[in-house]
Structures are given as structure tokens and as C-alpha cells.
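The values are calculated or read from the model by the stated rules, or taken from the named source; none is laboratory data. A quick note: this is a predicted structure, and the numbers were derived from the prediction, not measured. With ideal geometry, Cβ positions are generated from the backbone for all residues, glycine too; neighbour counts draw on all protein chains shown.
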Amino acid sequence: MKRAIGIDIGGTITKIGVVSEDGICSHKTSFRTKEYSKFKDYIDNLTNRITEIQSKFKNIEGIGIGAPNASKNGTIKTPANLRWEGELNIIDDIKKKINLPLFLSNDANCAAMGEMIYGNAKGLNDFIVITLGTGLGSGIVCNGKLLEGSEGFAAELGHFTINNKNRYTGLGMKGGLEAYVSATGLKRTILYMLSKYTDKSIFRDVSYNNLHGEDITKAADNGDLIAQKAYKYTGTILGESLANFVTFTQPEAIILTGGLVHSGKWILEPTRIAFNKKLLPFYKNKVDILLSGLEDKDSAILGSAALVWKNI
């Protein structure tokens, strides 16, 4: 059986898995990305994990890596939600210790590939994947091909400016979308709502660092008006932005994935309302908003492994 290793380098966790061609993830491991302040130490740990997997599994065809700000030349440049700065030569550094074909792409591009091969984008030629995690990532497929751009940095919709006020993204973009629509953005919106409204809320006694998305969802379920208003604010911005993105490529569907999607109706209902209201008339009823067809716990790994099947 042919296998690939999929690696997802997230702002908080790095996930590694062994994936078969039919999308079965048979082995998984992970470690905290944030624990490594030096990129060299991170690479040492990553390659040790890969070596352990190679000792257990045969017929590994290659390694696919999804990472923020990944370029076509095998580097990660100024990643917004990682601790390291500058141009990181991740492919060259791994090749010094691992003798397998290596493929690198933007993490959201990997999510798009995963959806196309294994998920809800099967059979679709035009779609957009939006990843809602620590930040906001995006992968765009047009005419059956991934939109990458000249260096691989196309479709950075998380840094698309929605206004020229207040919040900055991790790359310092004023008014960038991910500063409002992401797990981090939702936390910032809770603070904004606490300052704007006088409603009682459990979050009036919670510090920013102790705010967690699942707690915000639970509070919304329990009738906390600050939490509900925060979700409505976030979903409205997301829906209006998605309607704007439709004008770029006229996708058949927009697929949402990531931790923020777990809030269910609280994020999805205002998103769909704002999307349908903002959408131009000739696009109406022609673009679906879907949830990922991949199991959330494996989706990032599957998407990264898909790079191997796409390239070998």
C-alpha cells in the first residue's frame, strides 16, 4: 500500500500523519509549535518524528507540508502566526536529514487540495476553501487548478482589507479580515462588545488570555448576549466578505473549515444571511456555503498529504 506523510504546521500545534491514497489516516502524532523559539530546534524535533514514522511504515512515497506563507521555492516567508521571522528554508533543512520527496504549499491551499481529493469539493472545478483557525486562510481552485500565483502567495484573503480602521492582522495589515474573522478575531470582538454594551456577561471577569472559543460558544448557547452579539458581528463580516470574494472567480461553492466553524449556528446563520444579502443578483442561488467534508481532526493532515498524490 502506498502512503504519504502529511504535516500541518499550525500556529499552535504541528500535526503529522500517515495517509493512504484512499484517505485513511493510520497514524498520527503532534507537538506544540509554540514551544520552539528557534527554528533549528523545531526542525530537529520534526525530522526526528518523521524518522520514527519511517521506521514503522514502508512504502512512504513522499511528504506534503502545509504551512502559512509557504512559497514555491521551498521556504516560509515572514509567517504571521508563527514565532520565527525572515525566510525559513524548511525544505532544504529537512532534506539534510530526510531522504524523501518533499512538497510544500500554503496551509489553506493544502486544505483546498484535501477537499478536492477527499472531501466536499469532489467533482467541483471552481471553489474556495476558507480556514477559520488562529488566523484566516484561503485556497482557491479555478477550472480544476489551484490558484497559486507566481511565487505561491496567491489568495491571502485573510489580509484582504475590509476597512481602514482599528485592528491589525498578524502581518500588520490595518483592517485585515483575519483580525475580525478568526478565533483570535472573535476574542478581540468579545472585548469590543464588552466595552460597547452594558449587558451582563460571564466574560466581564475573564482576561483576554483566558478567553477560549468553546467557552464563547457555550455562553452563546446559555443566552449570554455579549457572546451572541460577538458571533453576529463576526458572521456578518465573514458573509459580506465571502460575497465580495465570489466576484473574483464565481465559485460553485465556498467551503468553511477550522475551529471557528464548530460554533455551528452562531457563526453560520449570520454568515449566510449577510452573504445572501450582499451577493450580486446574477450570483444568487448559484453559490453554496458548505462545511468541510473531512473529519476535522484529520483534515489538515489529509490536505497536506494530498500534495504528494498531486505531484508524484
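Among all residues of the stretch 86-108, there is at least one that is part of a helix (DSSP H, G or I), within 22 Å of residue 261 (Cα to Cα), under 22 Å from the mean Cα position of the chain (by Cα) and aliphatic (A, V, I, L, M).
Suppose we filter the stretch 257-312 for residues that are of a type in the set (A, V, I, L, M, F, W, C) and either free of Cβ contacts under 8 Å to residues at least 24 places away in the same chain or closer than 20 Å to residue 237 by Cα (or both); how many remain?
The qualifying residues number 15.
The set of residues from the stretch 21-55 being aliphatic (A, V, I, L, M) and outside any helix (DSSP H, G or I) comprises just one member, 24.
Residues in the stretch 243-267 that are in a helix (DSSP H, G or I) and closer than 10 Å to residue 128 by Cβ: 245, 246, 248, 249. Quick check on the stretch 21-48: of everything there that is buried (at least 17 other Cβ atoms within 10 Å of the Cβ) and either modelled with pLDDT of 95 or more or of a type outside the set (Gly, Ala, Ser) (or both), which residue is nearest to residue 1 (Cα to Cα)? Ranking the qualifying residues of the stretch 21-48, first place goes to 25.
Tell me yes or no: at least one residue of the stretch 268-284 is of a type in the set (Asp, Glu), part of a helix (DSSP H, G or I) and closer than 29 Å to residue 72 by Cβ. Break it down into steps so the answer makes sense when it comes.
Restricting attention to the stretch 268-284, the residues satisfying the condition of being of a type in the set (Asp, Glu) are 269.
Imposing the further condition that a residue be part of a helix (DSSP H, G or I) reduces the set to 269.
Retained after the next criterion (residues that are closer than 29 Å to residue 72 by Cβ): none.
The answer is no; no qualifying residue exists.
Kindly check whether there is at least one residue in the stretch 285-305 that is of a type in the set (Val, Ile, Thr), under 28 Å from residue 109 (Cβ atoms), at pLDDT below 95 and assigned to a helix (DSSP H, G or I). Outline the logic, then answer.
At the first step, the residues of the stretch 285-305 found to be of a type in the set (Val, Ile, Thr) are 287, 289, 301.
After this cut, where a residue has to be under 28 Å from residue 109 (Cβ atoms) as well, the list is 287, 289, 301.
With at pLDDT below 95 added as a condition, the list becomes 301.
Okay, now just the ones that are also assigned to a helix (DSSP H, G or I), so 301.
Taking every residue of the stretch 285-305 in turn, at least one turns out to be of a type in the set (Val, Ile, Thr), under 28 Å from residue 109 (Cβ atoms), at pLDDT below 95 and assigned to a helix (DSSP H, G or I).
Please go through the stretch 149-170 and pick out each residue that is within 25 Å of residue 75 (Cα to Cα) and surrounded by fewer than 18 Cβ atoms within 10 Å (Cβ to Cβ). Selection gives 149, 150, 151, 153, 154, 168. When residue 130 is tested against (1) farther than 20 Å from residue 305 by Cβ; (2) part of a loop (DSSP other than H, G, I, E, B), only condition (2) is not met.
Filtered by the rule that a residue be in contact with an Asp or Glu (Cβ under 7 Å, 6 or more places away or on another chain) and within 13 Å of residue 231 (Cβ to Cβ), the stretch 168-191 gives a lone residue, 185.
Taking residue 78, is it of a type in the set (Ser, Thr, Tyr), closer than 21 Å to residue 115 by Cα and in contact (Cβ under 8 Å) with a residue 12 or more places away in the chain? Break it down stepwise before answering.
Working: of a type in the set (Ser, Thr, Tyr): yes; closer than 21 Å to residue 115 by Cα: no; in contact (Cβ under 8 Å) with a residue 12 or more places away in the chain: yes.
No: the conditions fail for residue 78.
So how many residues does the stretch 172-210 have that are assigned to a helix (DSSP H, G or I) and either among the polar types (S, T, N, Q) or loosely packed, with under 14 Cβ neighbours inside 10 Å (or both)? Count: 9. The set of residues in the stretch 20-30 being out of contact with any Phe, Trp or Tyr (no Cβ under 9 Å at 6 or more places or on another chain) and either within 21 Å of residue 135 (Cβ to Cβ) or not polar (S, T, N, Q) (or both) consists of 24, 25, 28, 30.
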